[in-house]
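Taking it in order: structure first as structure tokens, then the write-up.
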There are 2 protein chains.
Amino acid sequence: MLSFCKYIFAPYIAPMTKTDRAHWNGCPTRYAAGIVGDKWCFLLMRDVLLHGKRTYSEFLSGPEGISTNILADRLSRLERNGLLDRRTDPRKGSRVCYFPTRKLRDLLPALLAMMVWSVKYDADTEAPDSFAASFVADPAATIAWYEADIDRVDQDILGAPAE
Amino acid sequence: MLSFCKYIFAPYIAPMTKTDRAHWNGCPTRYAAGIVGDKWCFLLMRDVLLHGKRTYSEFLSGPEGISTNILADRLSRLERNGLLDRRTDPRKGSRVCYFPTRKLRDLLPALLAMMVWSVKYDADTEAPDSFAASFVADPAATIAWYEADIDRVDQDILGAPAE
DNA sequence: AATTACACTTGCAAAAAACAAGAGGAATCA
DNA sequence: TGATTCCTCTTGTTTTTTGCAAGTGTAATT
């Protein structure tokens, strides 16, 4: 590792000119914050990766009550950033499906780590202890298990004959 | 694990009444989103955990250019949520220090996982490959290494004799 | 041909964020 | 002691984003 400031820290915060600020990345935290550092993106990630939701109306029906314009905005933003793959639903041509890309799937470890943290600190959590325990015990296996579910959902939609 | 919907997914999204919505947690993703699902909180976490920043003016001087009212708001929010411990600086009584709590430190795994993801997908990243490699190879050791740095920063401030 | 389902879009009021300037309190200095 | 400086916020004001309600366009259904 490399030294930074007074102590040894991640060294990738470069100085930047004022004009660069808006679009410059290079810092991994800022890159992530720019893409998922938003409550709604965060919850949509959960819906896609963990709850098997794929359509506009499924997202809309969530308990948080996202409004339609915000949902449309976030979906297009996530698509633009390469996290979602937008296609018409083969089961019904007037419907649209948003599939998770590999890039989104690769956020599973971070998402699950965040959930383990929540389970530890949220007194009102409804998640079972077994969830956190299994991820801590064997992260790779837990992730593989979630990925298999994601595959099952997507294949169910894409592999189905048109009605 | 338990079954959910059509497939096997995390089962902890309970139905909720309209009045509950604003403050209800129980879902780990929503809990995390409510606390760190914000660009500025995210970046402040980075400054405290990875860059050794502790004071208002240090946060203010970051390359992202946070405005003063937003900074004050986020600091008090993070303190209210038990992520930061606000104390006067023993080195100088007119200054305030914000120390990371255990609860904040426990976000390191999630934060680092997010950074590994960014390094993989951000073409402009300035983080060295060694960073991601070491975390993937041995997460626990990498986290311990960052924690030691955090200890060093805090002890340097708290243990220093008043000037 | 008319109706329904679905995925958005638009317009408007309300809330939040960005920006600029300044207040107040401790330490330092004349 | 009183003026000065440093530092942590406040307080307006402007700009942007959000939330809500209603409407539009396209594809299936009847």
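For region B:143-153, the set of residues classified as closer than 22 Å to residue B:88 by Cα and without any contact (Cβ under 8 Å) to a residue 60 or more places away in the chain consists of B:151, B:152, listed by residue number. Residues in region A:43-91 that are in contact with a strand residue (DSSP E or B) (Cβ under 8 Å, 6 or more places away or on another chain), part of a helix (DSSP H, G or I) and open to solvent by 20 Å² or more (accessible area, probe 1.4 Å): A:56, A:74, A:79.
Quick one: in region A:51-70, which of the residues that are small (Gly, Ala, Ser) and more than 11 Å from DNA strand D (Cβ to nearest atom) is nearest to residue A:88 (Cα to Cα)? The residue in question is A:57. Checking each residue in region A:94-121 for being over 16 Å from residue B:110 (Cα atoms) and assigned to a loop (DSSP other than H, G, I, E, B) picks out A:94, A:95, A:101. Return a yes/no flag: does region A:120-135 have any residue that is modelled with pLDDT of 85 or more, closer than 14 Å to residue B:28 by Cβ and of a type in the set (Lys, Arg). There is at least one residue in region A:120-135 that is modelled with pLDDT of 85 or more, closer than 14 Å to residue B:28 by Cβ and of a type in the set (Lys, Arg). What are the residues in region A:28-47 that are in contact (Cβ under 8 Å) with a residue 60 or more places away in the chain and farther than 18 Å from residue B:113 by Cα, if any? Answer for region A:28-47, where residues must be in contact (Cβ under 8 Å) with a residue 60 or more places away in the chain and farther than 18 Å from residue B:113 by Cα: there is none. Looking at the structure I just gave you, is residue B:92 more than 16 Å from DNA strand D (Cβ to nearest atom) and either over 18 Å from residue B:39 (Cα atoms) or touching a Pro at 6+ places or on another chain (Cβ under 9 Å) (or both)? No: the conditions fail for residue B:92. Every test in (1) at pLDDT 85 or above; (2) within 18 Å of residue B:130 (Cβ to Cβ) is passed by residue A:49 save one, and that test is (2).
The values are calculated or read from the model by the stated rules, or taken from the named source; none is laboratory data. Owing to the predicted nature of the structure, the values given are computational and were not obtained by experimental measurement. Backbone-built Cβ (ideal geometry, glycine too); neighbour counts: all protein chains shown. When the accessible area is computed, the model is the full protein with side chains, heavy atoms only, and any ligands, DNA or RNA have been set aside. Shrake-Rupley method; radii C 1.70, N 1.55, O 1.52, S 1.80 Å.
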